[in-house]
Amino acid sequence: MSQKTLTESAPTGAVEASPEASSKRWWILAVIALAQLMVVLDATIVNIALPSAQADLGFSDGNRQWIVTAYALAFASLLLLGGRIADLFGRKPAFLIGVVGFAAVSALGGAATNFEMLVTARALQGAFGALLAPAALSLLNTTFTDAKERAKAFSVYGAIAGAGGAVGLLLGGILTDALDWRWTLYVNVVIAVIAFVGGWFLLNNHRDAAGSKLDVPGTILVAAGLFAVVYGFSNAETHDWSSPETWGFLIAGGVLLASFTWWQTKAAHPLLPLRILLDRNRAASLIAVLISGAGMFGVFLFLTYYLQLNLGFSPTRTGVAFLPMVAALMVMAQLGTTTLVPRIGPKAVIPLGFAISVAGMAWLTGIGNDSHYLTAVLPQLIIIGAGLGLVMPAAMQLATGGVAAEDAGVASATVNAMQQVGGSIGTALLNTLAASAATDYLAGKDATNKLVQAQATIESYTTAFWWSAGFFAAGALIVFLLYRRGVPEQDADAAPVVHM
C-alpha cells in the first residue's frame, strides 16, 4: 500500500503501521531501549569515576562539578531543538546521527589529556544526547499501535529511564575498579555500534512535520532560557543563593522562558505548540516527571556517599546495592502501565506511586553510622523503587500519548527536558540544604573529631532524604488534583492509529 493510500485511509494526523514495520516492533524496542540506556547512563556513570579522573588529569575540586554540569547544560537547553529536528527532517536520521555523534565524543572524552578536553566532550555528549533522546522516545511512541503492547513498551522504556541512573552507578563502579575511569566513556562506543546497526536495518523514516519550518526565535529563547535555569541552579552549589550568578541567571531564565511561551502563541510554526501543554493529563504527567527527577537525586547521590564513605562500600559494591531498587522499579513499571492505569486511570495510580516513594524516603532517614545495609537501606530502596515504578513509566506514556504525529518529537523532547531540569533543580536544592544541615550540626562542636564529622554527614544525608520525601508528597497532591478521572482515551482505545 502506498504512503498516500495509508494517509487517506487513516484519521487526520495518523497513519497505520505497515505489517513489515509491525513485525519488527519488538526489535525496534530493543534498539530504542539500548540507545536510551546509553543516554541515561551518562547522567551518573561518570560520577563514580570522577575521583579517578581528577587524580589523573589534575583538575581542582571547584572544577569537578563541571564534568557533570556541562552534560546537563547542553542536554537540557537543546532538547526541544533536537525534538523538532526529528519531526522536521526524520526520526531515523536524527536517531542515527545522535548515536554516532554520542559515540564519537564519548571516545574523545575517554582519550582526554586535560580538563578542558574532558569538559568539551561532556558538553558535546549532551548536545548529541539532546538529538538522540527525543528521537528515540518519539520512535517508540509511533511504533506501537496496539494499546496493550504500547503500554508494555513504555513500561520497559520508563523502567530504563528510572533505573538507568542506578545502572550507571553500578557500571561506573565496575569499569573504574576493573579497568580505568576512561572506560566509563569508552563503553558508549560499544553500545552505540549495536544501536546504530539495529537502527540502520530496522527503523523506517518518516517526516511528520516536513511541511513546517524551524522556529528560530523560539529555539533561541527556549535554549537560552533552559541554559540559564540549569546554570543558575548549578551555581547554587558553588555560590550562595544570594549570589548574582545564582539568582541573576534564574531570573533571566524565567524571563526568557516566559518570552518563549508568549512567542509560541504568535509564531506561524511554533517550536512547542501550546496545545501539547494545555491537556490536563499531559500537564500532570510532565509535572510528575519533573518532580520524580528532582526527588530521585536524593536517592542516588546521597545514598552513594553514605554507602561509600560511611559504610565503606567499594564503587562496584555500591552499584550492586542499588540493583534491588532497579528490580522493584521494573516490576512495578510493568504492573502500572499494562494493568493499573488502563483499568483505573492515572488519578489513583500515579499519586499512589508518589505516596509509596514518600514512605520509603521517610524510612530511609533512619540511617546511622552503625546501620546495616540489609535493615536500614535495602527495604527502603525496594519501596522507593516500587513507588517510582508506578510513577515514571506511566507518566512518560501519558505525556507523549495522544499528540498529533507532527508533534511527537517535540512532545518527547519536553518529557526529557522535564526530567533533566528536575534533576538539575534537585541537585542544587538538595546539595545546598544538605551542606547547610552539616554546617548547622557542627556549630559549637569539635569539628576535628571524626565521630562528629561522620554524624554531620549523616545529618546532611537525612536532610536530603526528608526534602526528597517532601518533593514526592507535593507531587502526589499536585497530580491528584490535575489528573482527570477515569481511563485516558489512548489506553481505552483497543487499536489507536499512529504514524510509522
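How big, on average over all directions, is the shadow cast by the Cα convex hull of region 206-343, in nm²?
Mean projected area of the Cα convex hull: 13.0 nm².
Output the DSSP H helices from the chain with an along-axis C-alpha extent of no less than 24 Å and a mean Kyte-Doolittle hydropathy no less than -1.0.
61-89, 91-110, 115-143, 147-178, 183-202, 216-238, 244-264, 280-305, 346-364, 378-400, 408-442, 450-482
Per residue, what accessible area does region 225-372 have, given a 1.4 Å probe and all protein chains present, in Å²?
For region 225-372, the solvent-accessible area averages 41 Å² per residue.
If I take the Cα coordinates of region 357-472 and project them onto the principal axes, what are the three extents in Å, biggest first?
Ordered largest first, region 357-472 gives principal extents of 62, 28, 17 Å.
With the convex hull built on the Cα atoms of region 370-438, state its orientation-averaged projected area in nm².
Answer in nm², one decimal: 6.4.
Suppose we keep just the alpha-carbon trace of the chain; what are its Rg and Dmax in angstrom?
Rg, Dmax (Cα atoms, Å): 21.9, 79.
Using the C-alpha atoms of region 22-131, what convex hull volume per residue, in cubic angstrom, is computed?
In region 22-131, the Cα hull volume divided by residue count equals 94 Å³.
Express in % the proportion of alpha carbon pairs of region 262-345 at distances exceeding 20 Å.
So the pairs more than 20 Å apart make up 60 percent of the total in region 262-345.
From largest accessible area down, sort 461, 186; use a 1.4 Å probe on the protein chains.
Largest accessible area first, the residues go 186, 461.
Output the Cα-based Rg and Dmax of region 414-487 in Å, rounding Rg to one decimal and Dmax to a whole number.
17.3, 58
State the percentage of accessible surface on the chain attributable to carbon and sulfur atoms; use a 1.4 Å probe and exclude ligands, DNA and RNA.
67
The values are calculated or read from the model by the stated rules, or taken from the named source; none is laboratory data. Predicted model, so just to flag it, every value in this text is computed and none were measured. Please note that ligands, DNA and RNA were not included when accessible areas were found on the heavy atoms of the full protein model with its side chains. Shrake-Rupley method; radii C 1.70, N 1.55, O 1.52, S 1.80 Å.
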